[in-house]
Amino acid sequence: MSGAVWSVTWRVAARRRRLLAWNLLVPALLLVPVATSGAAAAHRAIVLTVFVAFFGAYGSCIPLLRDGMSGWAEKVLLTGYGGRRWLIERLLASTLIDWLQLLPANLVVLALVQASWPVAAAVLGFTALALLFANLLGVFVAAGVRALGEAALGCAVLSLLALHAAGVFRTPDPASWWAIVEAWSPLRPLHESWLGVLAANGAPTDSARPVASAALLIGLASALGRRLAARISGVRPEW
């Protein structure tokens with residue numbers, strides 16, 4: 001990767017100061033009161049996990065779709081930059097930007113609930129994993145829709161399905177195939193780690209399989225990168 005798209009993505013995010021301010025303030029205004037409320041730990045953990053999933057999916061999908069609709073993505077790809085490079089650089093940059101935008105709110109919540117440093121580090125790491133997965137969902141939605149309304153609906157539906165598969169809304173039968181799906185979900189470690197923090201037990205979370213599944217999904221996105229980029233930009237995948 002030459003890094004040009006990575007650099008442009010960061011520069012654009014930094015220059016859109018009003019949007020940046022909203023993306024820093026809104027998570028804090030929503031998550032801090034919820035995390036420190038008197039609600040059950042299970043309910044608070046659900047809210048925190050759902051917010052991260054939606055934040056990542058929408059934050060990835062909407063800008064990609066706008067780049068396709070405006071013709072900007074087409075111009076970039078017609079220069080010969082390469083659809084795979086463009087998509088992967090956008091994905092990684094978007095994920096890291098999302099993580100940094102959520103970092104202040106996460107740090108405040110972790111401090112208020114008096115999480116230990118190792119536990120806090122685990123939560124922040126699992127947030128990055130969940131955001132990477134959510135951003136991948138946003139990429140696939142952007143490649144399958146043609147309007148912002150469709151994108152909003154697609155992100156909501158796919159994110160909720162992924163959260164359900166991760167066991168966020170229910171505990172599956174240990175002998176069912178849903179339990180296997182949950183064990184591999186990149187969203188599961190974040191949900192379980194927040195539940196442990198808010199319930200004050202700090203239970204460790206197995207993350208090997210979720211990390212492996214996220215890596216497989218990145219590989220799939222890379223393998224389909226030219227096709228996905230073609231769908232988003234409208235450029236035929238012949239470059």
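Taken together, the values in this text are just the output of simple stated rules run on the coordinates, not laboratory data. Everything quoted here is computed from the prediction, not taken from an experiment. Cβ coordinates were reconstructed from backbone atoms using ideal geometry, including for glycine residues, and neighbour counts include every protein chain displayed.
Identify, among Val5, Ala128, Leu110, the residue whose Cα sits farthest towards the positive end of the charge dipole of segment 1-132, taking +1 on the Cβ of Lys and Arg and -1 on the Cβ of Asp and Glu, with the dipole about the Cα centre.
Val5
Show me the ranking of peptides 127-136, 170-179 by mean Cβ neighbours inside 10 Å, starting with the highest.
Details: 127-136: 25.4, 170-179: 10.6.
Top to bottom by mean Cβ count within 10 Å: 127-136, 170-179.
Given that compact globular proteins tend to follow 2.2 N^0.38 Å, what is the ratio of the alpha-carbon Rg of segment 1-56 to that value?
Details: Rg = 15.6 Å, N = 56, 2.2 N^0.38 = 10.2 Å.
The value comes to 1.54.
Can you give me the C-alpha center-to-center distance between segment 171-233 and segment 1-78, rounded to a whole angstrom?
Cα centroid of segment 171-233 versus Cα centroid of segment 1-78: 19 Å apart.
Using R₀ = 22 Å, calculate the FRET efficiency as 1/(1 + (r/R₀)^6) where r is the Cβ-Cβ separation of Leu30 and Leu100; round to 0.05.
Computed FRET efficiency for Leu30 and Leu100: 0.80.
Can you report the principal axis dimensions of the chain using only the alpha carbons, biggest first, rounded to whole angstrom?
The Cα atoms of the chain stretch 53, 44, 32 Å along their principal axes.
Explain nothing, just compute: Karplus ³J(HN,Hα) = 6.51 cos²θ - 1.76 cosθ + 1.60, θ = phi - 60°, for every residue of segment 15-27 in order, whole Hz, x for Gly and Pro.
The phi angles translate into 7, 7, 5, 5, 5, 4, 4, 4, 5, 8, 7, 4, x Hz.
By count of other Cβ within 10 Å, fewest leading, how are Cys155, Cys61 ordered? Don't skip to the answer; put the middle values down first.
Details: Cys155 26, Cys61 30.
Ascending number of Cβ neighbours within 10 Å: Cys155, Cys61.
With +1 on each Lys and Arg Cβ and -1 on each Asp and Glu Cβ, and nothing else charged, work out how big the dipole of segment 1-119 is about its Cα centre, in Debye to the nearest 20. Walk me through the intermediate numbers first.
Details: 11 positive and 4 negative charges, 66 e Å.
The dipole magnitude comes to about 320 debye.
Would you work out the charge dipole size for segment 4-233 about its Cα centre, treating the Cβ of every Lys and Arg as +1 and the Cβ of every Asp and Glu as -1, and quote it to the nearest 20 debye?
Details: 18 positive and 9 negative charges, 173 e Å.
Magnitude of the dipole: close to 840 debye.
Explain nothing, just compute: Karplus ³J(HN,Hα) = 6.51 cos²θ - 1.76 cosθ + 1.60, θ = phi - 60°, for every residue of segment 181-191 in order, whole Hz, x for Gly and Pro.
4, 4, 4, 9, 6, x, 8, 4, x, 5, 4
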